[in-house]
Amino acid sequence: MTNDKAQLVVIGGGPGGYTAAFMGADLGMAVVLIDPEENPGGVCLHRGCIPSKALLHIAKVIGDAREAGHWGVRFDPPRIDLEALRRWKADVVTKLTGGLGQLAGQRKIRYIRGRAVFTGADTLGVTGHDGTTQALGFESAIIATGSRAVVPSDLQTDDHRVMTSSQALNLDHLPKRLLVVGGGYIGLEIGTVYAALGSKVTVVEMTEGLLPGVDRDLVRVLSKRLADRFEEILLQTRVSGIKPDGDSVRVWLQGNQDEPRERRFDGVLVAVGRRPNSRELGLENTRVKVDPKGFIEVDPQQRTAEPAIFAIGDVADEPMLAHKAFYEGRIAAEVASGRNVVRDVRAIPAVVFTDPEIAWAGLTEAQARARQVQHEVVRFPWAASGRALTLGRPDGVTKLLIDPESERVLGVGLAGPGAGELIAEGVLAIELGAGAGDLGLTVHPHPTLAETMKEAADMFFGTATHIHRKQRR
Ligand code: FAD
Ligand code: NAD
């Protein structure tokens with residue numbers, strides 16, 4: 001029993017948690033937010049989205065400077081001041097997380113720096129930064145504890161040169177030869193950063209292509225460029241052993257058919273996925289259910305099997321993306337405040353912030369085929385976009401999946417610089433149930449990459465201006 005009782009307690013201060021806490025406070029609830037860091041931000045701000053994007057921006061600048069050589073402007077090779085780079089990245093993170101701390105204060109949210117464990121269906125034990133534990137009761141609780149990197153047992157070692165994304169983003173050293181295990185989001189984004197800063201990057205991916213699950217025509221645009229930037233991309237390959245040895249790390253690589261072969265690297269990034277933080281939360285003291293992958297099971301209101309407890313973000317199902325956590329945080333806080341709302345999303349966009357960026361939303365072509373959804377695909381090649389040519393990037397593509405009967409946009413895919421910004425129009429189109437005609441009749445500014453959305457929509461009718469395709473009807 002405790003006299004200290006919160007109306008709403010949010011466990012975890014990442015994108016899901018701080019959004020839920022802010023929404024709860026905005027709706028008039030007395031909110032407690034608990035997280036081990038000095039300020040909210042979670043993985044995304046402290047060691048995920050934000051630091052990686054700050055470094056990817058630098059990688060883009062370096063890449064653009066190199067490409068300018070093709071247009072007659074030559075720069076000297078970059079001289080990297082790692083210390084200054086780290087300071088700049090840390091500054092971005094501190095500004096944002098400090099800002100969140102201030103926003104929490106302005107909303108009168110009680111922020112406890114610590115870790116929470118459920119001791120019952122309406123009580124927590126909160127161990128503070130100073131090591132003392134206090135009891136805290138609650139009317140409603142939102143679990144937003146996020147996820148952590150998976151490190152398979154045959155890749156585990158204490159050696160500092162074998163890193164997860166968190167360590168890699170610290171940029172403690174620049175390995176001459178970096179092995180990236182996993183050709184997913186993290187492997188390709190952080191691999192891009194290290195390659196731009198001068199490391200020779202080898203990627204091993206166990207499936208037959210990079211970014212499994214993403215439509216191949218989009219990935220192809222990226223793979224072509226990465227083939228130039230990276231030393232090697234080894235598909236259908238796993239790491240079967242790892243052994244730090246003197247001034248390098250010995251690694252055994254195993255292809256599908258071959259015997260393991262030994263290689264040496266100066267650093268290894270393990271990026272083979274993340275798992276939800278649902279253990280060590282005392283959930284056994286509640287009725288909250290966890291699925292075999294460790295995700296907390298929730299209903300469309302983000303409510304767990306324990307009616308007063310909600311779960312959101314990475315700990316509550318895939319995709320593990322910050323904007324999904326933002327969305328779910330608001331839903332859970334609204335429901336906890338008494339509003340009768342449900343999760344209702346047609347498209348959660350995904351963006352890989354490499355160069356080119358890959359972005360998609362709604363139905364992918366692979367999903368449409370697997371689920372036998374009637375669809376027509378239109379692909380507008382950026383070679384026909386004036387803007388893409390001014391940027392020297394004719395290799396991009398914008399594609400739409402359209403329902404041939406209703407003419408509604410079912411899915412959008414993009415590969416090219418700025419794809420992460422362009423996809424927002426596609427998300428809105430899907431959410432609003434827009435038809436290809438709506439996109440085609442919308443006047444887009446010229447010359448922009450956004451026009452490729454309109455032209456792709458016009459292609460569906462066989463009337464795109466800058467490409468000739470047979471009339472549809
Ligand atoms: P988290 O951000 O993981 O926050 C959970 C918080 O809960 C943490 O601060 C944790 O310390 C705290 N916590 C855990 N247990 C307890 C406890 N018992 N008590 C109190 N607090 C606890 N997503 C994107 O959408 N775009 C990107 O560009 C992007 N880039 C990424 C780059 C990297 C390198 C990584 C690793 C991830 C990236 N992601 C990106 C994914 C994104 O970071 C996550 O989807 C997002 O952070 C999930 O938010 P969350 O609120 O669920 O949890
Ligand atoms: P991921 O699931 O994106 O990619 C992991 C890759 O590793 C897969 O391609 C998988 O086939 C491969 N793999 C698994 N085991 C392997 C092995 N033993 N050897 C070789 N390859 C192996 O996972 P991630 O890159 O670790 O990222 C985790 C999650 O974080 C992402 O799924 C995403 O939800 C989130 N994230 C998002 C962004 C973004 O939005 N831009 C950026 C980074 C991370």
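Of Ala383, Ala419, which residue is touching a residue at least 24 places away in the same chain (Cβ under 8 Å) and closer than 30 Å to Val73 by Cα? Answer to the selection: Ala419.
Yes/no matrix, rows are residues, columns are (1) open to solvent by less than 70 Å² (accessible area, probe 1.4 Å); (2) away from ligand 1 (no atom under 16 Å from the Cβ):
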site	(1), (2)
Val204	yes, yes
Thr207	yes, yes
Leu211	yes, no
Val214	yes, no
Lys243	no, yes
Arg264	no, yes
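The sole residue among Gly418, Gly435 that is open to solvent by less than 20 Å² (accessible area, probe 1.4 Å) and touching a strand residue (DSSP E or B) at 6+ places or on another chain (Cβ under 8 Å) is Gly435. Could you check, for the stretch 376-388, whether at least one of its residues is among the small types (Gly, Ala, Ser) and assigned to a loop (DSSP other than H, G, I, E, B)? Checked the stretch 376-388: at least one residue is among the small types (Gly, Ala, Ser) and assigned to a loop (DSSP other than H, G, I, E, B). Name every residue in the stretch 384-406 that is of a type in the set (A, V, I, L, M, F, W, C) and over 22 Å from Val351 (Cα atoms), in order of residue number. Those that are of a type in the set (A, V, I, L, M, F, W, C) and over 22 Å from Val351 (Cα atoms): Ala384, Leu389. If I ask for residues that are within 15 Å of ligand 2 (Cβ to nearest atom) and touching a strand residue (DSSP E or B) at 6+ places or on another chain (Cβ under 8 Å), which ones from the stretch 212-230 would you list? Answer for the stretch 212-230, where residues must be within 15 Å of ligand 2 (Cβ to nearest atom) and touching a strand residue (DSSP E or B) at 6+ places or on another chain (Cβ under 8 Å): Val214, Asp215, Leu218, Val219, Leu222, Ser223, Leu226, Phe230. Pairing residues of the stretch 252-273 that are farther than 26 Å from Ser165 by Cβ with residues that are surrounded by fewer than 17 Cβ atoms within 10 Å (Cβ to Cβ), at Cβ distances under 6 Å and at least 6 apart in sequence or on separate chains, gives Asn256/Gln236.
Conditions tested, residue by residue: (1) in the same structural domain as Phe138 (by TED's automatic domain parsing); (2) within 13 Å of ligand 1 (Cβ to nearest atom); (3) open to solvent by less than 50 Å² (accessible area, probe 1.4 Å).
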{"site": "Ile309", "(1), (2), (3)": "yes, no, yes"}
{"site": "Gly313", "(1), (2), (3)": "yes, yes, yes"}
{"site": "Ala316", "(1), (2), (3)": "yes, yes, yes"}
{"site": "Leu321", "(1), (2), (3)": "yes, yes, yes"}
{"site": "Lys324", "(1), (2), (3)": "yes, yes, yes"}
{"site": "Glu328", "(1), (2), (3)": "yes, yes, yes"}
{"site": "Ile331", "(1), (2), (3)": "yes, no, yes"}
{"site": "Val342", "(1), (2), (3)": "no, no, no"}
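Among the conditions (1) in a loop (DSSP other than H, G, I, E, B); (2) open to solvent by less than 60 Å² (accessible area, probe 1.4 Å), the only one that Phe22 does not satisfy is (1).
Being within 15 Å of ligand 1 (Cβ to nearest atom), part of a helix (DSSP H, G or I), within 18 Å of Val315 (Cα to Cα) and at pLDDT 95 or above: is that true of Leu56 here? Criteria not met by Leu56. Out of (1) within 16 Å of ligand 2 (Cβ to nearest atom); (2) β-branched (Val, Ile, Thr); (3) open to solvent by 40 Å² or more (accessible area, probe 1.4 Å), what's the single condition that is false for Thr127? (1) is the only condition that Thr127 fails.
Yes/no matrix, rows are residues, columns are (1) touching a residue at least 12 places away in the same chain (Cβ under 8 Å); (2) over 29 Å from Pro307 (Cβ atoms); (3) touching a strand residue (DSSP E or B) at 6+ places or on another chain (Cβ under 6 Å):
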residue	(1), (2), (3)
Ile80	yes, yes, no
Ala84	no, yes, no
Thr94	no, yes, no
Ile112	yes, no, yes
Ala116	yes, no, yes
Gly120	yes, no, no
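Out of all the residues in the stretch 449-472, is one or more crowded, with 20+ Cβ neighbours inside 10 Å, aliphatic (A, V, I, L, M) and more than 29 Å from the chain's Cα centre (by Cα)? Yes, the conditions are met somewhere in the stretch 449-472.
Open to solvent by less than 20 Å² (accessible area, probe 1.4 Å) and under 23 Å from Gly187 (Cβ atoms): is that true of Ala388 in this structure? Criteria not met by Ala388.
Of all residues in the stretch 131-154, those satisfying the criterion of being more than 12 Å from ligand 2 (Cβ to nearest atom), part of a strand (DSSP E or B) and either among the acidic types (Asp, Glu) or open to solvent by 10 Å² or more (accessible area, probe 1.4 Å) (or both) are Thr133, Gln134, Ala135, Glu139, Ser140. What is the residue count in the stretch 62-106 for residues that are open to solvent by less than 80 Å² (accessible area, probe 1.4 Å) and part of a helix (DSSP H, G or I)? Residues meeting the conditions: 25. Among the criteria (1) within 16 Å of ligand 2 (Cβ to nearest atom); (2) buried (at least 22 other Cβ atoms within 10 Å of the Cβ); (3) among the hydroxyl-bearing types (Ser, Thr, Tyr), the one Thr157 does not fulfil is (2).
With respect to Glu259, is the statement that it is more than 10 Å from ligand 2 (Cβ to nearest atom), at pLDDT below 95 and either among the β-branched types (Val, Ile, Thr) or open to solvent by 30 Å² or more (accessible area, probe 1.4 Å) (or both) true?
Details: more than 10 Å from ligand 2 (Cβ to nearest atom): yes; at pLDDT below 95: yes; either among the β-branched types (Val, Ile, Thr) or open to solvent by 30 Å² or more (accessible area, probe 1.4 Å) (or both): yes.
So Glu259 fits the description; yes.
Return a yes/no flag: does the stretch 157-169 have any residue that is assigned to a loop (DSSP other than H, G, I, E, B), farther than 28 Å from Pro356 by Cα and within 15 Å of ligand 1 (Cβ to nearest atom). Within the stretch 157-169, not a single residue is assigned to a loop (DSSP other than H, G, I, E, B), farther than 28 Å from Pro356 by Cα and within 15 Å of ligand 1 (Cβ to nearest atom). For the stretch 290-307, a tally of residues being under 21 Å from Glu280 (Cα atoms) and either of a type in the set (Phe, Trp, Tyr) or open to solvent by 30 Å² or more (accessible area, probe 1.4 Å) (or both) returns 10.
The values are calculated or read from the model by the stated rules, or taken from the named source; none is laboratory data. Quantities reported herein were computed from a predicted structural model and do not represent experimental measurements. No Cβ is skipped: glycine too gets one built from the backbone with ideal geometry, and neighbour counts run over all protein chains shown. Heavy atoms of the whole protein, side chains included, go into the accessibility calculation; ligands, DNA and RNA do not. Shrake-Rupley method; radii C 1.70, N 1.55, O 1.52, S 1.80 Å.
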